[in-house]
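The values are calculated or read from the model by the stated rules, or taken from the named source; none is laboratory data. The structure displayed is predicted, hence computed values, not measured ones. All Cβ positions, even for glycine, are placed from backbone atoms using ideal geometry, and neighbour counts span all protein chains on display. Please note that ligands, DNA and RNA were not included when accessible areas were found on the heavy atoms of the full protein model with its side chains. Shrake-Rupley method; radii C 1.70, N 1.55, O 1.52, S 1.80 Å.
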Amino acid sequence: MRLRFVGVCAALLAFSSPTATAAAPEVVVLLHGLYRSERSMSPLEAPVRHAGFRVVNLGYDSRSQDPEAIVAALDPELANCCADAPRLHFVTHSLGGIVTRAYLAAHRPANLGRVVMLAPPNRGSPLADLVAGSSTLRFLLGSTAARLGTDPASFPNTLPAADFEVGVIAGTASRNPFTALLLDGESDGTVPVASTRLDGMADFITVDSAHTWIMRSDIVAAQTVQFLKNGRFAHATP
């Protein structure tokens, strides 16, 4: 009995000791899309955090910076916040997914985990083709928007296929009648579903959501956490 009591006390002391620390949580970096800010990704913060991850919601200037400048600015930020994390995951929206692909092609971290892309223009968008073809639209909307088109030389189409664990969630709710006339097949009103697909992706699903609001969907949040934890979506479609 004496030995058991001592053993329990020792265990309690070790648990309460300031030198006994819990394992550091894995980190999920959130990256927003074109013309948005980190506030647009805030609906995903609580679900991801409640799943046990530490969340870092980063912002960048997509209007005045070209993609290369965005990637260059991202590198030191990630080094400062996340270099010591057990695993570093990414959850992105739209352009954020393309920025992540470019970052991982140039600065792949040793602790890289999984990536979830929401509505990414992985093969470009015809709407960006319109911007590229108009000097007025390029002036109004910025050079980065013009580089997200479907041309083989566009920014997303010059990036390598995925050689990391990535799941893609595409929206199918096109509620803008104007853009619906410009996009062939299913789309989220901004990016065709076919254009979200990425060679090498681990999984792919579609949800009934529009491009702008896809990160606000409870279904998307649950599927995002599912992929971060397991590397697969629930009830994934081929």
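List of remarks:
- Within region 134-179, the residues that satisfy the criterion of being more than 25 Å from Ile205 (Cβ to Cβ), surrounded by fewer than 18 Cβ atoms within 10 Å (Cβ to Cβ) and of a type in the set (Gly, Ala, Ser) are Ser134, Ser135, Ser143, Ala153.
- For the criterion of being assigned to a helix (DSSP H, G or I) and touching a residue at least 12 places away in the same chain (Cβ under 8 Å), Ile169 fails.
- Checking Val56 against (1) free of Cβ contacts under 8 Å to residues at least 40 places away in the same chain; (2) under 26 Å from Ser125 (Cα atoms); (3) not in a helix (DSSP H, G or I), the condition it does not meet: (2)
- Where a residue in region 79-105 is more than 24 Å from Thr190 (Cβ to Cβ) and its partner, wherever it lies, is acidic (Asp, Glu) and surrounded by 15 or more Cβ atoms within 10 Å (Cβ to Cβ), with Cβ under 7 Å and at least six apart: Ala85/Glu26; Pro86/Glu26; Arg87/Glu26; His89/Glu26
- Residues being part of a helix (DSSP H, G or I) and either at pLDDT 95 or above or of a type in the set (D, E, K, R) (or both) - total across region 79-106: 11
- Residue-level analysis places Val91 among those that are open to solvent by less than 20 Å² (accessible area, probe 1.4 Å), on the phi < 0 side of the Ramachandran plot and either hydrophobic (A, V, I, L, M, F, W, C) or under 15 Å from the mean Cα position of the chain (by Cα) (or both).
- Within region 6-26, not a single residue is open to solvent by 30 Å² or more (accessible area, probe 1.4 Å), modelled with pLDDT of 90 or more, under 26 Å from Thr92 (Cα atoms) and in a helix (DSSP H, G or I).
- Qualifying residues in region 172-230 (those that are assigned to a loop (DSSP other than H, G, I, E, B) and of a type in the set (Asp, Glu)) - the one nearest to Pro160 (Cα to Cα): Asp199
- Test: Phe139 is among the hydrophobic types (A, V, I, L, M, F, W, C) and at pLDDT 90 or above: no
- Screening region 210-232 for residues that are open to solvent by less than 10 Å² (accessible area, probe 1.4 Å) and not aliphatic (A, V, I, L, M) and picking the one that is farthest from Ala170 (Cα to Cα) gives Gly231.
- Residue in region 31-41 that is open to solvent by 10 Å² or more (accessible area, probe 1.4 Å), at pLDDT 95 or above, part of a loop (DSSP other than H, G, I, E, B) and more than 19 Å from Ile169 (Cβ to Cβ) present: no
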